[in-house]
Structures are given as C-alpha cells and as structure tokens.
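Engineer: I am attaching a structure below and will ask some questions about it afterwards.
The values are calculated or read from the model by the stated rules, or taken from the named source; none is laboratory data. All values derive from a computational prediction rather than experimental measurement. Here the Cβ positions follow ideal geometry from the backbone for every residue, glycine too, while neighbour counts run over all protein chains shown.
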Amino acid sequence: MPKTLFPLPDPLTIPVRGETDEFPVGRIFCVGRNYAAHAAEMGVEVDREKPFYFTKSSANAVATGASVPYPPGTENFHYEMELALAIGAPVFRASPDEAKAAIYGYGCALDMTRRDLQISERKKQRPWSLGKDLENGTVLAPLTKAADWGPIADQRIWLTLDDETKQDATLAELIWSVEEIISHLSGFYHLRPGDLILTGTPAGVGPALAGQQMVGGIDGLDPVSLSLTVLQ
Ligand code: MN
C-alpha cells in the first residue's frame, strides 16, 4: 500500500444474513424505468428495446438505519424503493444462465433522488448526476444470499413514510428481469464481485421531509430504513 496524502475513506461493507464476513460495496449501477406504472407516473415511456442505466457513487451510499440531513439544493426529495442485486463473480457478455450464476444475493435499497433536479436535467438533456448521485443518496440493507431467497416471482415490494404506505407493488411487475439486466449491462462493463445493481422502483414515489422516516421491504429480505434530519 502506498503512503497516502490523507486518510483513505472507509470502504462501505454490508452484512450478509448467515455470514460473519461482510459484502464490500463496489460500483452501484441503477436501472431506470423498470416498472411501467412508475414510468407512467413520471410522464415518460418505457423503452422496451433495452434497459438504460445511471450510476451512483458507493462513496455516497450509507447503511440502513442511517439518519441523515435533508440534502441541499432540492425542494422535492423523493424516495424510491428498489430490489438490489449483488454480483458475486466476474461476468462479461453474459448469457442469461451465466448472469444468474453471477448473482451473490439480494437486498432492499433506497435510490434517493432530488426529483426537481433530475427532471430539470432530463428536460435539458443533461446528465442526472445532481439529481441522483447525492451524498447519502443510496441506502443499503443487509443482503440475503441468492440460494436462501427467490426465485423472483410476485414478492411484495413496499415502502412506508411515517407508517403510511406509499409504494406497494410486486416483483412480477419488473419489466427487465435480473438475468436480462446483468446480461445486457455486462455487454458494457466487466461486472465483478462487489458490484450492485438497483433494479428500478415501482409506482408511488413521492417527497420525504426532514423529520420523516422511510421503511422499505421486500418479502423475505431484511428491510431498509432512512430518517431525515434538518440540514444544518
Ligand atoms: Mn431508481
């Protein structure tokens, strides 16, 4: 290890159910518009030709249970509850079978979004970085190994805001399956152990305010939660 000019940031690791070792978080890829009802509420069409992606920095991700300030630069900060899949083996130009074999596990995740900025960026045909890759903007729950969960069918995916249900759908509504996503994305990246893919959010996204708490769940997986405090 070279001597560094300032301390290296602590790597983010997340627990795995039934394991003592934790999963080190590498890159975070996110799928856009993977539930038709969410695309409709956003006023956009689903592209059924192929999935599309944006990325979020793992340096900006936090573990479930975090209490973080309402972010700067937005007046419309939204929750998006998602199924995250964790890659456990190197995979490149994967067939659907190879894609399935590369899945280490699954977890609940929040893709927090400055919706006002994302929409203005979209309208100006600019990148979504300010809208999506914000500090504390990805929240990750512990993982469950693939062999201990699934297959993906019609498991319920939901989110509550201060105990009021806001998102309530099933994984049967996913447009692109996890195998299709890995197979497609691995045509552009050498996916590797540690990579996470957030598979998109169902309908019902909306704003969260300082002082509020979100809890999201998927049948059979550990829930994810986030509390917002006032920005100082
Ligand atoms: Mn999302």
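Engineer: Considering region 3-30 alone, what residues qualify as being in a strand (DSSP E or B), within 14 Å of residue 104 (Cα to Cα) and free of Cβ contacts under 8 Å to residues at least 60 places away in the same chain?
Structural biologist: Step one: of region 3-30, the residues in a strand (DSSP E or B) are 13-14, 16, 23-24, 28-30.
From what is left, the residues that are within 14 Å of residue 104 (Cα to Cα) are 14, 16, 23-24.
Result: no residue meets the conditions.
Engineer: Something else about it: If you scan region 116-157, which residues turn out to be within 15 Å of the ligand (Cβ to nearest atom) and farther than 15 Å from residue 54 by Cα?
Structural biologist: If the condition is that a residue be within 15 Å of the ligand (Cβ to nearest atom) and farther than 15 Å from residue 54 by Cα, then 139, 140, 157 are the ones that fit.
Engineer: Check whether at least one residue in region 132-144 is closer than 16 Å to residue 178 by Cβ and crowded, with 18+ Cβ neighbours inside 10 Å, and report yes or no.
Structural biologist: Among the residues of region 132-144, at least one is closer than 16 Å to residue 178 by Cβ and crowded, with 18+ Cβ neighbours inside 10 Å, which makes the answer yes.
Engineer: Can residue 55 be described as β-branched (Val, Ile, Thr), within 16 Å of the ligand (Cβ to nearest atom), within 21 Å of residue 114 (Cβ to Cβ) and assigned to a loop (DSSP other than H, G, I, E, B)?
Structural biologist: Values: β-branched (Val, Ile, Thr): yes; within 16 Å of the ligand (Cβ to nearest atom): yes; within 21 Å of residue 114 (Cβ to Cβ): yes; assigned to a loop (DSSP other than H, G, I, E, B): no.
No; evaluated as a whole, the condition is false for this residue.
Engineer: Taking the residues in region 1-44 that are crowded, with 19+ Cβ neighbours inside 10 Å and among the aromatic types (Phe, Trp, Tyr) as candidates, determine which candidate is farthest from residue 122 (Cα to Cα).
Structural biologist: By that ranking, first place goes to 23.
Engineer: Quick one: count up the residues across region 76-115 that are among the basic types (Lys, Arg), away from the ligand (no atom under 16 Å from the Cβ) and more than 21 Å from residue 145 (Cβ to Cβ).
Structural biologist: 1
Engineer: Within the set of pairs 6+ apart or on separate chains, which have a first residue in region 166-189 that is assigned to a strand (DSSP E or B) and modelled with pLDDT of 95 or more, a second that is among the polar types (S, T, N, Q) and surrounded by fewer than 21 Cβ atoms within 10 Å (Cβ to Cβ), and C-beta atoms under 8 Å apart?
Structural biologist: Note: pairs meeting the criteria are 166/160; 170/155.
Engineer: Can you pull out the residues in region 110-125 that are more than 19 Å from residue 202 (Cα to Cα), in contact with a Gly (Cβ under 9 Å, 6 or more places away or on another chain) and free of Cβ contacts under 8 Å to residues at least 24 places away in the same chain?
Structural biologist: 120, 121, 122 - these are the residues of region 110-125 that are more than 19 Å from residue 202 (Cα to Cα), in contact with a Gly (Cβ under 9 Å, 6 or more places away or on another chain) and free of Cβ contacts under 8 Å to residues at least 24 places away in the same chain.
Engineer: From the residues in region 84-125 that are among the hydrophobic types (A, V, I, L, M, F, W, C) and part of a loop (DSSP other than H, G, I, E, B), which one is nearest to the chain's Cα centre (by Cα)?
Structural biologist: 112
Engineer: In the list 154, 116, 163, which residue meets the criterion of being surrounded by fewer than 20 Cβ atoms within 10 Å (Cβ to Cβ) and either in contact with a helix residue (DSSP H, G or I) (Cβ under 7 Å, 6 or more places away or on another chain) or closer than 24 Å to residue 187 by Cβ (or both)?
Structural biologist: The conditions single out 154.
Engineer: So residue 182 clears everything in (1) under 20 Å from residue 115 (Cβ atoms); (2) away from the ligand (no atom under 16 Å from the Cβ); (3) crowded, with 22+ Cβ neighbours inside 10 Å except one condition, right? Which one?
Structural biologist: (1)
Engineer: How many residues does region 1-49 contain that are away from the ligand (no atom under 16 Å from the Cβ) and either farther than 30 Å from residue 147 by Cα or not acidic (Asp, Glu) (or both)?
Structural biologist: Going through region 1-49 one residue at a time, the tally reaches 25.
Engineer: When region 209-223 is examined, which residues are found to be under 18 Å from residue 108 (Cα atoms) and out of contact with any helix residue (DSSP H, G or I) (no Cβ under 8 Å at 6 or more places or on another chain)?
Structural biologist: Listed by number, the residues that qualify are 213, 214, 215, 216, 217, 219, 220, 221, 222, 223.
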